[in-house]
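Here the structure is laid out as structure tokens; the discussion comes afterwards.
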Amino acid sequence: MSRISSKFKEIRKRKAKAFIPYIMAGDPGLARTKELVSILEDCGADIIELGVPFSDPLADGPTIQKAAQRALQQGVTLHSVIELVRSLRSFTQIPVLLMTYYNLIFKYGEERFVGDASSAGVDGIIVPDLPPEEAGNILMHAKKADFDIIFLLAPTSTEERIRRVARASGGFIYYVSITGITGARLSLDPAIASHIAGIRQESGKPIAVGFGISTPEEAAAVSEFADGVIVGSAIVKQVEGSEEDLRLYLNALRAAIR
Amino acid sequence: MGEVIKKVPDKRGYFGLYGGRFVPETLMPALFELEKAYLASKKDPGFQKELLHLQRTYIGRPTPLYFAKRLTEELGGARVYLKREDLAHTGAHKINNAIGQALLAQRMGKKRLIAETGAGQHGVATATGAALTGLSCDIYMGSEDIARQSLNVFRMKLLGARVIDVTIGSRTLKDAINEGLRDWTTNVGNTHYVMGTVFGPHPFPLMVRDFQSVIGREARKQIMQEEGRLPDYLIACVGGGSNAIGLFHDFLESDAKMIGVEAGGRGIYTGEHAARFAGGSIGVLQGAKSYLLQDDDGNVLGTHSVSAGLDYAAVGPEHSFLKDSGRVQYTFATDDEALRAFELLARTEGIIPALESSHALAEAAKLAPRLSREEIVIVNLSGRGDKDVQHVARIKGIGL
């Protein structure tokens, strides 16, 4: 069983919910990212999502776009993020996911990527522009390495797609809470709960919800019906401020996700 | 071989190794819906009749196939014909696709069109399609391009469209597409994204090709009338590649040789160009797998061309397929060569071509003198050059 699956199993046993923060690797530098991972874990993160910067992040809003540009200016690459995770493993066993766009993986080579990433201690990847239809090759390599490829579902997903995506997704299913891009304003539509109930009819896999969640209140509301809550843009913004404010904010999110 | 070449894309939107649907899940259902609606419209005599009627009475089709007598004499070789897409409504081939997609969007019950634009030609064409069908319209344009193409920005506004300034990234066409796709992801329920070229996720490369292939169908008929035989060469410029596919498609099974001309910019060795086949490698950008200008890590590189319409890092997947198969030969023309061809056509024929089309003319100027008077070359004159006159004056250091 993958580290992510075991994590969700353990959380379910405790009747708790997963807190999954996202930060952009290399923003403002890889050394800082290492420190931030410790802070996130310290503040109760269950799984950490590391963004890998890409020049054309078409599923991301302005906050993450700008963070990616800053990281690219630092010369951060997929390879250097994999090496960062390798160095994290000397002090933490927290599950780590990468989130990036398909071209970086395609260029790296799918088989080589899965091999290098899993040997470095990366547990899985989220690729917003890679639907399961295009993922046959990477899924084959991931299966051999017990490496999770996490697929996304959205409010626009049809029943047929829910079945396909739920079947393909490893570790958990990422439910995109809004019809839109990261960092957009969340409207806590009661339809989210019914969509998630629909997905649960198709699959017993854990469901984490992300996109647009920024306040502890929103995180609390989402954790009522999700197995995990993903917070990205709002944390990326906070990273620019003081460490004290960041810890206060993370602790508030952690307390809200139950 | 011709037959295999015409049978693409497959059901998953692949032209051999290229194409596909690399988009966020939010858009996947919309792509399936669009594919279904498009294939239905293709078989619907009512839709086809309406499109044909508008092509004739609104766009001004068929556009002429013109024998460029003085250009032919000047080059001293093959007989050169020009397919006059510059005479289509709004001044370029872009309108063929924009009207087709606007009609389709209307039929699908969409209320709003969005599009990206570089030089502004596709933006103007989409704004025109929106005005014609009564849909609202937002055009994404990089702030660099807005500054360079103020005339077209004003044209779009006159046509009732809103022009949205894209200030992120390199602030040009690529970033305008990213913003357009983000908008579509957010407003997919009521909005249709009018992709302007044979790029993006399936079914766009197929659909745009079909709407543009009227160019080659007409040219084939017209050259048979003029010369009683098919041409020896077809030449077109390739940005995303819609005017080239439009001309080539109906000739794929013939013996005609085909040449696609990319933007060589300041020369391939300088790195300042948009010649994906000469300087790129296979990658995935904005929904499709194709040749791409990228660095070793897979980040997309900046491009340069004197013509905004060719200034793009990727190329339509069908072109990558046609290159691999050897059916089409791809080359490039530099900024300087295109500028010389721009002036050559103005002087010899009284036609000011778009800088994009001038790249195809530059190739014709190299090729025709090496051929005999018996051989026939058709160049796709994809757009008119009015939009470029100020830009060319600036390059020549002439104040207007």
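Rounded to whole Å, give me the distance from the Cα center of the stretch B:165-230 to that of the stretch B:289-328.
Here the answer is 15 Å between Cα centres.
Rounded to the nearest 0.05, what FRET efficiency do B:ARG12 and B:ASP165 have when you use their Cβ-Cβ distance and R0 = 45 Å?
Working from the Cβ atoms, E equals 0.80.
If the viscosity is 1.567 mPa s and the temperature 4 °C, what Stokes-Einstein diffusion coefficient in µm²/s follows for the protein assembly as shown when Rh is the Kirkwood radius over Cα pairs? Please report the intermediate quantities before stating the final value.
Values: Rh = 25.8 Å.
The diffusion coefficient I find is 50 µm²/s.
Just A:GLU243, A:GLU83, A:GLU218 to compare: in a GNM of chain A, with alpha carbon springs under 10 Å, which one fluctuates most?
Sorting by GNM fluctuation, first place goes to A:GLU243.
What's the Cα-based Rg to Rh of the stretch B:278-384, Rh via Kirkwood? Spell out each step's value before the answer.
Numbers: Rg = 15.8 Å, Rh = 15.5 Å.
Result for the stretch B:278-384 is an Rg/Rh of 1.02.
Counting each DSSP H run of 4 or more residues in chain B as -39500 (n - 2.57), what helix-only mean residue ellipticity at 222 nm follows after dividing by all residues, to the nearest 500 deg cm²/dmol? Show your work: numbers first, answer last.
Working: 17 runs with 172 residues, N = 400.
Mean residue ellipticity at 222 nm (helix-derived): -12500 deg cm²/dmol.
Enter the mean number of other protein chain beta carbons within 10 Å of the beta carbon of each residue in A:54-65, as an integer. Present the calculation step by step, with values, prior to reporting the outcome.
Values: counts 4, 15, 12, 4, 15, 9, 2, 2, 3, 0, 0, 5.
For peptide A:54-65, the averaged partner shielding equals 6.
Sticking with the crude label model, points 7 Å out along Cα→Cβ, report the distance from A:THR215 to A:ASP42 in nm, one decimal please.
2.8
Using a Gaussian network model of chain B with C-alpha springs under 10 Å, which one of B:ILE139, B:ILE268, B:ILE99 is most mobile by mean-square fluctuation?
Highest fluctuation of the listed residues: B:ILE268.
Compute the Kirkwood hydrodynamic radius of the stretch A:149-207, taking the inverse of the mean of 1/r over all pairs of distinct Cα atoms, and give it in Å to one decimal.
11.7
Which of rounded, prolate or oblate describes the stretch B:201-286 when judged by the alpha-carbon gyration tensor and an a/c cut-off of 1.5?
Since a/c reaches 1.5 but b/c is at least a/b, the shape of the stretch B:201-286 is classed as oblate.
Name the residue farthest towards the positive end of the dipole of the stretch A:3-257 from the options A:ALA226, A:SER6, A:PRO53, assuming +1 on Cβ of Lys and Arg, -1 on Cβ of Asp and Glu, about the Cα centre.
A:SER6
Using a simple spin-label model with points 7 Å from Cα along the Cα→Cβ vector, what separation in nm is obtained for B:PHE67 and B:ALA40?
The two pseudo-label positions are separated by 4.8 nm.
At 222 nm, what value in deg cm²/dmol follows for chain A if DSSP H runs of at least 4 each add -39500 (n - 2.57) and the sum is divided by all its residues, to the nearest 500? Working shown, then result.
Values: 12 runs with 126 residues, N = 258.
Calculated at 222 nm, the ellipticity per residue is -14500 deg cm²/dmol.
For the stretch B:354-384, list residues with backbone N below 18 Å from a point placed 7 Å from the Cα of B:ILE395 toward its Cβ?
Flagged as within label range: B:354-366, B:381-384.
In a GNM of chain B with a 10 Å cut-off on Cα contacts, which of B:ALA147, B:ALA98, B:ALA115 has the highest mean-square fluctuation?
Checking each option, the largest mean-square fluctuation is seen for B:ALA147.
Restricting to chain B, what percent of DSSP beta bridges are antiparallel, rounded to 5? The partial results should precede the final answer.
On the way: 17 of 52 bridges.
Expressed as a percentage, antiparallel bridges in chain B total about 35.
Shape of the stretch A:3-257 from its Cα gyration tensor (a ≥ b ≥ c, root eigenvalues): rounded if a/c is under 1.5, otherwise prolate when a/b > b/c, or oblate?
Rounded, because the longest to shortest axis ratio a/c is under 1.5.
Count, for each residue of A:153-159, the Cβ atoms from other chains sitting within 10 Å of its Cβ, then give me the mean as a whole number. Intermediate values should be presented prior to the final figure.
On the way: counts 3, 8, 5, 11, 4, 4, 0.
Across A:153-159, the average partner-chain Cβ count within 10 Å equals 5.
Can you check what the net charge comes to around B:ALA88, using other residues whose Cβ is under 13 Å from the Cβ of B:ALA88 (Lys, Arg +1; Asp, Glu -1)?
Working: positive: B:ARG56, B:ARG61, B:LYS83, B:ARG84, B:LYS94, B:ARG384; negative: B:GLU85, B:ASP86, B:GLU218.
Cβ neighbours under 13 Å give a net charge of +3.
Out of the trypsin sites (Lys or Arg not before Pro) in the stretch A:1-85, which ones are loop residues according to DSSP with at most 13 other C-beta atoms within 10 Å? Please list the in-between numbers first.
On the way: sites: A:ARG3, A:LYS7, A:LYS9, A:ARG12, A:LYS13, A:ARG14, A:LYS15, A:LYS17, A:ARG32, A:LYS34, A:LYS66, A:ARG70; in loops: A:ARG14, A:LYS15, A:LYS17.
In loop regions of the stretch A:1-85 (DSSP not H, G, I, E or B), the sparsely surrounded trypsin sites (Lys or Arg not before Pro) are A:ARG14, A:LYS15.
What percent of all Cα-Cα pairs in chain B falls into each 10 Å bin, going from 0 up to the bin containing the maximum distance?
5, 25, 36, 25, 8, 0
Quick one: which of B:77-86, B:190-199 comes out on top by average Cβ neighbours within 10 Å, and what's the full order, highest first?
B:190-199, B:77-86
Using a simple spin-label model with points 7 Å from Cα along the Cα→Cβ vector, what separation in nm is obtained for B:LEU158 and A:LEU139?
A separation of 5.3 nm, rounded to one decimal place.
With just the Cα atoms defining each centre, how far is the stretch A:198-216 from the stretch B:44-112? Give it in Å.
48
To the nearest 0.05, what FRET efficiency results for B:ALA278 and B:ARG370 with a Förster distance of 22 Å applied to their C-beta separation? Walk me through the numbers on the way to the answer.
On the way: r = 21 Å, r/R0 = 0.95.
With R0 = 22 Å, the Cβ-Cβ based efficiency is 0.60.
For the stretch B:85-208, with only Lys/Arg (+1) and Asp/Glu (-1) charged at the beta-carbon, what is the dipole magnitude about the Cα centre, in debye rounded to 20?
Numbers: 12 positive and 10 negative charges, 70 e Å.
In debye, rounded to 20, the stretch B:85-208 gives about 340.
Determine, at each q value in 0.14, 0.15 (inverse angstroms), the log₁₀ of I(q)/I(0) that the Debye formula gives when each Cα of the stretch A:1-133 is one equal point scatterer.
-0.62, -0.71
If you count the DSSP beta bridges with both ends in the protein assembly as shown, what percent of them are antiparallel, to the nearest 5? Please report the intermediate quantities before stating the final value.
Numbers: 17 of 77 bridges.
For the protein assembly as shown, the DSSP antiparallel bridge percentage is about 20.
FYI, it's all coordinate maths here, none of it is from the lab. Since the structure is predicted, the reported quantities are computational estimates derived from the model, not experimental observations. Note that each Cβ is placed from the backbone with ideal geometry, even for glycine, and that neighbours are counted across all protein chains shown.
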